[in-house]
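Derivation of every value follows stated rules applied to the coordinates shown; laboratory data play no part. Values in this document were obtained by computation on a predicted structure and should not be read as measured data. As a convention, Cβ positions derive from the backbone with ideal geometry for all residues, glycine included, and neighbour counts pool all protein chains shown.
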Amino acid sequence: MRLERACVPLGFAWSSPFARWQGPLAEVNSIDLAVDVTGRALEERGLSPEEVTSLVLGWTVPQKEIFYGAPTLAARLGAEGVTGPMISQACATSVACVAAAANHESGDGGITLVVTTDRTSNGPLVTYPSPSGPGGSPQVENWVLDSFARDPWAGAAMYTTGENVAAEANITREELDEVTVLRYEQYGRSLENDREFQRTYMVPVEIPRKRKEPTVVEEDFGVFPTTREGLAKLQPVVEGGVVTYGSQTHPADGTAGMVVTGEERARELSRDGGVVHLLSMGFARVAKARMPKAPVPAAQTALEDAGLGIGKVDAIKTHNPFAVNDVYFSRQTGVPVEEMNDYGSSLIFGHPQGPTGARLIAELIEVLRRRGGGTGLFTGCAAGDTGAALVLRVED
């Protein structure tokens, strides 16, 4: 999908910190979280909600009153009269939301606000009526845990897809541990100089609470210290396998967003006149229970639509719930694992699902900004053996 006019003002992509599930954001409704972080992100960037002309809301885990999610979020932010679609596409939600915003861009100076938000903590327990069943007993689904445990089409758990790809590609336990340590070391660089890199895009959480101190989260919560020695001691998730709890991500809570508009308006809004051109997007689906392969064809589709080869890309960010993803991507594309995911990835800082891609896109923009501009690729897998990718170019 080639994009022609859609841009992001430089500095207008942001994320909250991510908190490991059952952590400090476990009791915070994800819509409340989105209102808090998005409101201050816009205020810090000098954009009044009254200037927003449309909204795209991405989520994957239902929250109370989500039926009214988009118009409620807009009104609570101060953009009354604004609405737009709500999109849920598992871990590809962020790219799908950006695609919707980009396709809406008409060059008339309108501003689309993209907000992605999710809470994997305390996901809903859904009851489905079954009056004709034995005794009329209802069917019950744990929205989060049951989704992790089994893909109804593939009949496999999430971690099984990692094991399947590792087995087919002869990826070893040692390779996975090495990539995990590398990603942890890269993440450590984002914390240097009092989190100088993270502060370029990260907006702290400050949720007021009745008769209690506010919930404040200023940095990622629940990132586990990672060493080769520690990883080596872990048992694989399944006997005889290579994927451990150390070489896969953890569920999390968080929110992320960005502003999408035309180039002229983007340059007006940008803090220093820089602009992010959204060049293309790609979606793909691979064989049953082979999810970690999907970022490769998704990236190839996006690059082809942008008229670029992988050698023309200056920075790469991947959503990698398993270290398997990056090893496979490296082998298929020839990109060394150390030449992607500067400052870490979702393997380390966690995965709230809907917002994960948007945070990585925000990081990708800031990586390129530090280089003085360039072309970037985001790609990642999603439930259902799918993948989503975005190609962009930063111009100072």
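What about Ala388, is it in contact with a Pro (Cβ under 9 Å, 6 or more places away or on another chain) and farther than 26 Å from Gln22 by Cβ?
Yes: the conditions hold for Ala388.
Out of Gly387, Gly380, Gly357, Gly344, which single residue is touching a residue at least 12 places away in the same chain (Cβ under 8 Å), farther than 18 Å from Ala92 by Cα and surrounded by 24 or more Cβ atoms within 10 Å (Cβ to Cβ)? Reasoning before the result, please.
Details: Gly387 fails: farther than 18 Å from Ala92 by Cα; Gly380 fails: farther than 18 Å from Ala92 by Cα; Gly357 fails: farther than 18 Å from Ala92 by Cα.
Checking each option against the conditions leaves just Gly344.
Are there any pairs, at least 6 apart or on different chains, whose C-beta atoms fall under 7 Å, with the first in the stretch 175-190 and over 16 Å from Tyr343 (Cβ atoms) and the second in a helix (DSSP H, G or I), and if so, which?
Glu175/Val327; Leu176/Ala323; Leu176/Val324; Leu176/Val327; Asp177/Arg228; Asp177/Leu231; Asp177/Ala232
Which residues, counting only those in the stretch 44-73, are under 25 Å from Ala388 (Cβ atoms) and without any contact (Cβ under 8 Å) to a residue 40 or more places away in the chain?
Correct list: Ile66, Gly69, Ala70.
For the list (1) in a strand (DSSP E or B); (2) surrounded by fewer than 24 Cβ atoms within 10 Å (Cβ to Cβ); (3) of a type in the set (D, E, K, R), I need the number of the one condition that Lys317 fails.
(2)
Return the total of residues in the stretch 326-341 being surrounded by 21 or more Cβ atoms within 10 Å (Cβ to Cβ), in contact (Cβ under 8 Å) with a residue 60 or more places away in the chain and part of a helix (DSSP H, G or I).
3
List, please: which pairs have Cβ atoms under 8 Å, are six or more places apart or on different chains, and start with a residue in the stretch 288-310 that is within 26 Å of Asn164 (Cβ to Cβ) and end with one that is in a helix (DSSP H, G or I) and among the charged types (D, E, K, R)?
Qualifying pairs under 8 Å: Arg290/Glu168.
Which pairs do you get when a residue that is farther than 30 Å from Val28 by Cβ and in contact (Cβ under 8 Å) with a residue 24 or more places away in the chain, found in the stretch 104-122, comes within reach of a residue that is assigned to a loop (DSSP other than H, G, I, E, B) and hydroxyl-bearing (Ser, Thr, Tyr), reach meaning Cβ atoms under 7 angstrom, with the pair 6+ apart or on two chains?
Gly110/Thr53
So, of the residues in the stretch 83-115 that are assigned to a strand (DSSP E or B) and within 14 Å of the chain's Cα centre (by Cα), which turns out to be surrounded by the most Cβ atoms within 10 Å (Cβ to Cβ)? Before the answer, list the steps.
First, pick out the residues of the stretch 83-115 that are assigned to a strand (DSSP E or B): 86-87, 89, 91, 112-115.
Add one more test, that the residue is within 14 Å of the chain's Cα centre (by Cα), and what stays is 87, 89, 91, 114-115.
Numbers: Ile87: 24, Gln89: 21, Cys91: 26, Val114: 27, Val115: 29.
Only one residue tops the list, namely Val115.
Residue by residue, here is whether (1) in contact with a helix residue (DSSP H, G or I) (Cβ under 6 Å, 6 or more places away or on another chain); (2) within 20 Å of Gly246 (Cα to Cα) holds:
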residue: Gln332; (1), (2): yes, no
residue: Ser346; (1), (2): yes, yes
residue: Phe349; (1), (2): no, yes
residue: Gly354; (1), (2): yes, no
residue: Leu360; (1), (2): no, no
residue: Glu366; (1), (2): yes, no
residue: Arg370; (1), (2): no, no
residue: Gly374; (1), (2): yes, no
residue: Leu390; (1), (2): yes, no
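Being farther than 20 Å from Val126 by Cβ and either surrounded by 16 or more Cβ atoms within 10 Å (Cβ to Cβ) or small (Gly, Ala, Ser) (or both) is the filter here, so list the residues in the stretch 59-82 that pass it.
Ala70, Pro71, Thr72, Leu73, Ala74, Ala75, Arg76, Leu77, Gly78, Ala79, Gly81, Val82
Name the residues in the stretch 4-58 that are closer than 12 Å to Gly257 by Cβ, hydrophobic (A, V, I, L, M, F, W, C) and assigned to a loop (DSSP other than H, G, I, E, B), would you?
Phe12, Leu47, Val52
Inside the stretch 116-160, can you point out the residues that are outside any loop (DSSP other than H, G, I, E, B), exposed (fewer than 12 other Cβ atoms within 10 Å of the Cβ) and of a type outside the set (Ser, Thr, Tyr)?
Taking the stretch 116-160 first, the residues outside any loop (DSSP other than H, G, I, E, B) are 116-119, 125-128, 134-136, 139-142, 145-149, 158-160.
Now restrict to residues that are exposed (fewer than 12 other Cβ atoms within 10 Å of the Cβ): 127-128, 134-136, 139-140.
If the condition is that a residue be outside any loop (DSSP other than H, G, I, E, B), exposed (fewer than 12 other Cβ atoms within 10 Å of the Cβ) and of a type outside the set (Ser, Thr, Tyr), then Pro134, Gly135, Gly136, Gln139, Val140 are the ones that fit.
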